[in-house]
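To start, the structure under review is shown below, and the notes come after it.
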Amino acid sequence: MSGADALSYRGAVAALTQRGRFGISMGLDRVERLMAEVGHPERDLRGALVGGTNGKGSVVAMTRSVLVTAGLRVGTMPKPHLVSYRERVAIDGDPISADAFAAAVARVLPAIDRVTANVGPPTEFEALTAAAITELGRQRVDLAIVEVGMGGRLDATNVLDLGVAAITNVQRDHEAYLGNTLTAIGGEKAAIIKPGNLAATGASGRGLRPIRNRCERLGVPLRRAGSRQPYRATLRDSDWDGIVLDARTPSRDLADLRIGLLGAHQADNAVVALALLEALAERHRIVVDEPSIRRGLAAARWPGRLELLDGARIGLGRVLLDGAHNPAGAAALARALDDLGLRRPTIVFGAMRGKKVHAVLRALAPIRPRFVFTRVDDPGAHQPAELARVWRKFAGSDAETAPTAAEALRRAAGDPVVVAGSLYLVGAVRGMITGTGEEE
């Protein structure tokens with residue numbers, strides 16, 4: 001089948017998985033060649049590239065919500081998708097249609113075939129990135145706010161130079177690829193900052209050093225967010241509707257600022273978003289007023305990340321979804337559950353191999369969870385019995401296991417039931433709850 005042939009949604013997904021090889025994107029050569037083959041649509045986009053270990057999706061969600069409230073047309077490239085590949089390209093927060101996704105893939109298939117013939121097949125992520133960038137260019141968005149996949153230096157999204165770069169924080173994750181020190185990991189993430197950019201970060205300590213060094217070397221102004229920094233916040237309240245904080249930036253004070261995302265850690269993400277918004281306003285000459293900031297942050301939503309849903313469709317009460325796939329993310333989840341007054345919550349938990357399962361479970365241990373360990377249908381998933389053995393070894397208590405997510409939910413009891421440990425698991429459960437999936 002040629003790229004010019006009409007594709008169905010399922011046909012587009014099949015074409016991506018067949019042509020794109022499985023693996024981690026570890027270089028820009030193929031994606032740069034893909035961009036050249038389709039006429040360099042990346043050169044027409046402006047906005048921001050957002051990296052970091054944790055919180056980058058939340059920062060993108062907050063920033064996008066404010067910009068849309070301010071009347072701008074905003075494109076994003078969320079990753080990973082939870083239920084449908086359509087989520088990988090969103091306009092004003094809404095995934096594109098199945099037909100639009102299929103057409104976007106069809107436009108880049110001939111380029112993928114030519115690049116494959118010359119230098120070898122791109123990864124699926126590289127192929128998806130090319131399709132998404134091409135579609136955002138076709139959609140003529142005012143701004144593209146793009147989340148980095150992994151690291152930065154060698155990530156396929158780093159083909160973009162959008163004028164602004166933000167790095168939420170630098171913590172330990174993907175160490176086999178990014179290095180085993182915060183300095184090394186920070187260096188990989190700092191590479192998204194390019195000459196002529198404006199930059200913002202919430203990083204601190206050893207992870208901050210390579211970001212500061214790169215900005216100084218390139219002459220890039222750096223906005224810093226965090227305690228005692230120009231962009232800072234004091235948390236006032238945390239409840240099931242989100243958080244309330246008092247924020248300060250060099251240009252304004254924002255008392256009683258409501259953030260529509262759950263968890264005290266979102267205060268850190270919010271000040272990075274505020275720094276990013278001011279950088280965008282300066283670099284791209286847009287106007288973002290205080291009413292847009294307040295309404296946009298209050299309306300911010302980020303699926304699968306401390307997302308509270310009604311589980312009636314699957315016979316449950318409330319269900320709280322959160323990826324929490326690395327130690328820092330798990331610690332943030334534990335704090336959020338404690339702040340919300342949950343005692344001994346039931347957690348349906350699954351994890352992928354290659355993640356620091358011991359450290360993740362140790363971070364959750366202080367809230368004394370009742371685990372139901374399970375797995376998604378993926379060869380890279382841990383077996384439930386393996387997870388139970390790890391938990392028993394250091395917690396000294398047993399846990400239930402279930403062979404599938406559906407069975408785990410049947411065995412779970414509590415309000416809310418928490419689902420965590422893997423975005424693949426979160427996506428599978430979210431599909432059950434919302435009744436959506438890959439049926440297009």
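The values are calculated or read from the model by the stated rules, or taken from the named source; none is laboratory data. None of the values given here were measured: they were computed from a predicted structure. In this analysis, Cβ positions are derived from the backbone assuming ideal geometry, glycine residues included, and neighbour counts consider all displayed protein chains. Ligands, DNA and RNA are excluded from the accessible area calculation, which covers all protein heavy atoms including side chains. Shrake-Rupley method; radii C 1.70, N 1.55, O 1.52, S 1.80 Å.
Values as computed for the structure displayed
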quantity	calculated
Extension gain (nm, one decimal) between E175 and S397, 0.36 nm per residue minus Cα-Cα	76.9 nm
Cα radius of gyration and Dmax for the chain (Å)	21.1, 59
10 Å beta-carbon shell around A395, net charge (K/R +1, D/E -1)	+3
Accessible-area composition of region 275-397, carbon plus sulfur, in percent [1.4 Å probe]	50 percent
The chain - share of DSSP beta bridges that are antiparallel (%, nearest 5)	40 percent
Peptides ranked, highest mean first, by Cβ atoms within 10 Å: ranges 54-63, 297-306, 268-277, 283-292	268-277, 54-63, 297-306, 283-292
Surrounding net charge for V372, when Lys and Arg each add one and Asp and Glu each subtract one, Cβ distance under 11 Å	+1
Principal semi-axes in Å for region 138-202 [√(5λ), Cα gyration tensor, largest first]	23, 13, 10
Packing-based ranking, highest mean first, of 66-75, 33-42 given that Cβ atoms within 10 Å are counted	66-75, 33-42
Pairwise Lys count, the chain - Cα closer than 19 Å, eight or more residues apart or different chains	8
Only Lys, Arg (+1) and Asp, Glu (-1) charged, at Cβ; the chain dipole about Cα centre in debye	1200 debye
Peptides 210-223, 151-164 ordered by average Cβ neighbours within 10 Å, highest first	151-164, 210-223
Neighbour count of at most 14 Cβ within 10 Å plus DSSP loop: longest chymotrypsin sites (Phe, Trp or Tyr not before Pro)-free window in the chain	23-239
Three-way shape label, region 200-327, alpha-carbon gyration tensor, a/c 1.5	prolate
Within the accessible area of region 185-270 (1.4 Å probe), percent carbon and sulfur	41 percent
Sum of -39500 (n - 2.57) over DSSP H runs of 4+, divided by residues of the chain (222 nm, nearest 500)	-12500 deg cm²/dmol
Surface share of carbon and sulfur [accessible, 1.4 angstrom probe, percent] for region 16-151	45 percent
Mean-position separation - Cα centroids, region 271-316 and region 147-170, in angstrom	19 Å
